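K.L.:
Before anything else, here's the structure in question.
Where a number appears in this text, it was derived from the coordinates with a stated rule and is not lab data. Everything numeric in this text was worked out from a predicted model, so none of it was measured. Note: ideal-geometry Cβ built from the backbone for every residue, glycine included; neighbour counts use all protein chains shown.
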Amino acid sequence: MAVRLCRVQVASAYPITPQSPVSETLARLVESGELATEFVDVESEHSAMAVVSASSLVGARSFTATSSQGLAYMHEMLHWTAGARLPVVMACVNRAVGAPWSILNDQQDSISQRDTGWMQMYARDNQEILDTIIQAFKIAESVYVPVMVCYDGFVLSHTNMPVDIPSQADVDAFLPPYKPQYVIDAADPRTYNAVTLANPRRDASGLMRQGYMEFRQQLHEALESAHDRIKQVDQEFAAVFGRSHGGMAWGYSLDDAEIAMVTMGSLGMEATVAVDRLRQRGCKAGVLGIRAFRPFPKGEVIELLRSAKTAVVFEKDISYGSEGAVCSELKAALYGSQARIPVHGYIVGLGGRDVKARELEAVVEGLTGAGAMDGRQNGKPRWLSLG
Amino acid sequence: MIADRMSKQKVHEIRWHGRGGQGAVTAAHALAEAAFVEGWVGVTSVPAFGAERRGMPVSASTRFSPQVIRTYSQIELPDVVVVLDESLLDDPSVTEGLKRDGWLIVNSALSPERLQVSGDFNIAAVDAARVSAEMGLLSGGSPLVNTAILGAFSRVTGLVSMPSIEAALRRRFNNSASDTNVNAARLTHQRTILNPRSNGETGEPRTGEYLRVSGYCR
């Protein structure tokens, strides 16, 4: 649906659970003529990313979707797409990565692609998935960096819920056709992404060319500049469609919260239920939802946690031998800020393990006692609901 | 009377149990659509996550609420459990967590009193398979009960009206198939037999049933 609304010109995808309904629906709509997108059948995710990189290079608005091992298989091409500054948008339907095999949900797949140069945004319900894909094209095409729109496999991908579908006219006005700065054109042959050397140098025609490191710095700066762009696009979206999703990060009952639950993706919604019940019992809890993981909302996190005395991160990923990725990010964001609060890290919901609001409540209540401040745990994560 | 008991001011959680191929997942989605048509603000439906094979026990769930639903975790304490295949009642996990004032709705030729079920909840039964067979709603020679039983859900709970269920079914099926499905749901609605808990035994289940269930080891 978002693909149609965004008038995507080229899509390519290889089916993988739980992404399969996306590629099946795209293929069916193209076949029936309801979708005027060129859909390219491929034999693998690596090829799917190669196809959408190439189509983006010739100036076409391009989309793909994958999950888990499929995303892992794309890894090489993810670097290439971001490095070539191609504004591709990809849906990542979050699923655990084998071994051992699991088709169920966690966020280890996209977290494992953190340093490929892609932006990453996480949606908390199905309305936000649709809206974020529309926003993502606008963001990507303004800073020339691809965007991964991540959402929890099964938990969101296979849950039916009411979604407000914006009108085509409104989306057209919000998202005009992609006008690339440079395209590959047979009538005007040029070389893109030529070999670079360690240092800048003059090419055969005497022009000064950048070294590899300058390209890297520019990619980094593009992601940093996307920070404001993501917020701005969300505000513009709200002005047209009446819905804001919080830009870089969102808060729930954080204004006077003493303990903040920090989450990413659909878990944030479950956490708001936990907060409502905790507040009925007089526990001042709130939720901080990370919407953009790359670039990371450092300033927003510090601002949103201004009243918090403790933060507890619940996340569906683990950096083996260290801690959860969000936990590390949060600690790094708070370092040197005024917010000198303990950060507790909980690993939850790996491989589809159900995470219930009452479990989150129990953790928060356990942390609000006398032990809250000694809970720094030397950076060791705790694991929720292990068998 | 029964409709009054099931309030429209709260969240309702419905768990579906069937066997692969019986359409429990479709039923969960169709009920969600009907609830949306009915005007419930928050509506979700979802299959139980896992491998599905024809004949294997499968489950699905539907939630609806006057507010937007923010919980996506699995249902622990359902208000209604709908069972498409009564042989599944041997598994205690099917009625696990069903609330005391909740309803168990079973596709069965037996009356609620004669169903071999123990538990402190209300029971309704309807021979939806017979209705579907009469209507010619067959799949691979077996009656397809998943849409017919929506009529029983409406009758028992009053939470989603028959016009809403019919609208959802007409959206889902083309003309002739939608008539058949709608008629099956209507007939099932009429034939459902309700056995509220207060009319039957309350408290401890009968001994024989209790032994039979407790002897079942999961």
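K.L.:
Using Cα pairs under 8 angstrom and six or more residues apart, how large is the relative contact order of chain B, in percent?
P.N.:
Reported relative contact order: 22 percent.
K.L.:
Let me ask something else about it. I want to verify the translational diffusion coefficient of the stretch A:249-383 in µm²/s; compute it with Stokes-Einstein, Rh as the Kirkwood radius over Cα pairs, at 25 °C and 0.890 mPa s.
P.N.:
The Stokes-Einstein estimate is 169 µm²/s.
K.L.:
Using DSSP to define loop residues, name the GluC sites (Glu not before Pro) in the stretch B:1-102 whose beta-carbon has at most 13 other beta-carbon atoms within 10 Å.
P.N.:
Here the sparse-neighbourhood loop sites are B:GLU76.
K.L.:
Determine the relative contact order of chain A: mean sequence separation of Cα pairs under 8 Å and six or more apart, normalised by residue count, in whole percent.
P.N.:
Computed value for chain A: 14 percent relative contact order.
K.L.:
Another question, then. Determine the percent antiparallel among the DSSP beta bridges restricted to chain A, to the nearest 5.
P.N.:
Of the beta bridges lying entirely in chain A, close to 20 percent run antiparallel.
K.L.:
Something else now. Give the average, rounded to an integer, of partner chain Cβ atoms located within 10 angstrom of each Cβ in A:160-166.
P.N.:
The per-residue average across the peptide is 5.
K.L.:
Something else now. Report, by chain and number, residues whose modeled amide H sits under 5 Å from the one on A:PHE39, excluding near sequence neighbours (fewer than 5 apart, same chain).
P.N.:
Result for A:PHE39 returns A:ALA11.
K.L.:
Run the simple label-point estimate for A:ALA27 and B:ASP101 please: 7 Å along Cα→C-beta, distance reported in nm.
P.N.:
Placing both labels 7 Å beyond Cα along the Cβ direction yields 5.0 nm.
K.L.:
Within 10 Å of each Cβ in A:351-362, how many Cβ atoms from other chains are there, averaged over the peptide?
P.N.:
Taking the mean over all residues of the peptide, I get 2.
K.L.:
Of A:LYS309/A:LYS331; A:LYS284/A:LYS380; A:LYS231/A:LYS298; B:LYS10/B:LYS99; A:LYS284/B:LYS8; A:LYS331/A:LYS356, which sit over 23 Å apart, Cα to Cα?
P.N.:
A:LYS284/A:LYS380; A:LYS284/B:LYS8; A:LYS331/A:LYS356
K.L.:
For a quick check of your reading of the filter: which trypsin sites (Lys or Arg not before Pro) in the stretch A:150-254 sit in a DSSP loop and have no more than 12 other Cβ atoms within 10 Å?
P.N.:
Taking the stretch A:150-254 and a limit of 12 other Cβ atoms within 10 Å, the loop trypsin sites (Lys or Arg not before Pro) found are A:ARG190.
K.L.:
For B:GLN22, what charge total do you get from the other residues with a beta carbon under 10 Å from its beta carbon, if Lys and Arg give +1 and Asp and Glu give -1?
P.N.:
Here the count lands on +1.
K.L.:
If you don't mind, another one. For chain A, modelled as a GNM with alpha-carbon contacts under 10 angstrom, which of A:VAL163, A:VAL326, A:VAL145 fluctuates the most?
P.N.:
Fluctuation is largest for A:VAL163.
K.L.:
With springs only between Cα atoms under 10 Å apart, run a GNM on chain A and tell me which of A:GLY324, A:GLY153, A:GLY366 wobbles the most.
P.N.:
Judging by the Gaussian network model, the answer is A:GLY366.
K.L.:
What is the sum of charges, Lys and Arg at +1 and Asp and Glu at -1, for the other residues whose Cβ falls under 14 Å from the Cβ of B:ASN181?
P.N.:
0
K.L.:
With the Cα gyration tensor of chain A in hand, convert its eigenvalues to equivalent ellipsoid semi-axes via √(5λ) and list them largest first in whole Å.
P.N.:
They are 36, 24, 20 Å, listed from largest to smallest.
K.L.:
How crowded by other chains is B:63-72, given as the mean number of beta carbons from other chains within 10 Å of each beta carbon?
P.N.:
Per residue, the average neighbour count from other chains is 5.
K.L.:
To continue, here is another question. Scan the stretch A:227-321 for chymotrypsin sites (Phe, Trp or Tyr not before Pro) in coil per DSSP, keeping those whose Cβ has at most 15 other Cβ atoms within 10 Å, and list them by number.
P.N.:
A:TYR320
K.L.:
Answer rounded, prolate or oblate for chain B, using the Cα gyration tensor with square roots of eigenvalues a ≥ b ≥ c: rounded when a/c is under 1.5, else prolate when a/b is larger than b/c, else oblate.
P.N.:
rounded
K.L.:
Calculate log10 I(q)/I(0) of the stretch B:81-144 for q = 0.29 Å⁻¹, where I(q) comes from the Debye formula with a single equal point scatterer on each Cα and nothing for solvent.
P.N.:
Ignoring solvent entirely, the Cα scatterers give -1.25.
K.L.:
How many angstrom lie between the Cα centre of the stretch B:49-122 and the Cα centre of the stretch A:1-61?
P.N.:
Cα centroid to Cα centroid, the span is 39 Å.
K.L.:
Give me the percent relative contact order of the stretch A:2-174, please, defined on Cα pairs under 8 angstrom at least 6 residues apart.
P.N.:
Relative contact order comes out at 24 percent.
K.L.:
Size of the stretch A:2-174 along its principal axes in angstrom, Cα-based, largest extent first?
P.N.:
46, 37, 29
K.L.:
Add +1 for every Lys or Arg and -1 for every Asp or Glu among the other residues with Cβ under 14 Å from the Cβ of B:VAL41, and state the total.
P.N.:
Result for the neighbourhood of B:VAL41: +1.
K.L.:
Using the alpha-carbon centroid of each, what span in Å lies between the stretch A:130-178 and the stretch A:281-320?
P.N.:
Between the Cα centre of the stretch A:130-178 and that of the stretch A:281-320, the gap is 24 Å.
K.L.:
Here's a follow-up. Pick out, from A:PRO381, B:THR62, A:GLY265, the residue whose Cα sits farthest towards the positive end of the charge dipole of the protein assembly as shown, with +1 on the Cβ of Lys and Arg and -1 on the Cβ of Asp and Glu.
P.N.:
Sorting the options by dipole projection puts first A:PRO381.
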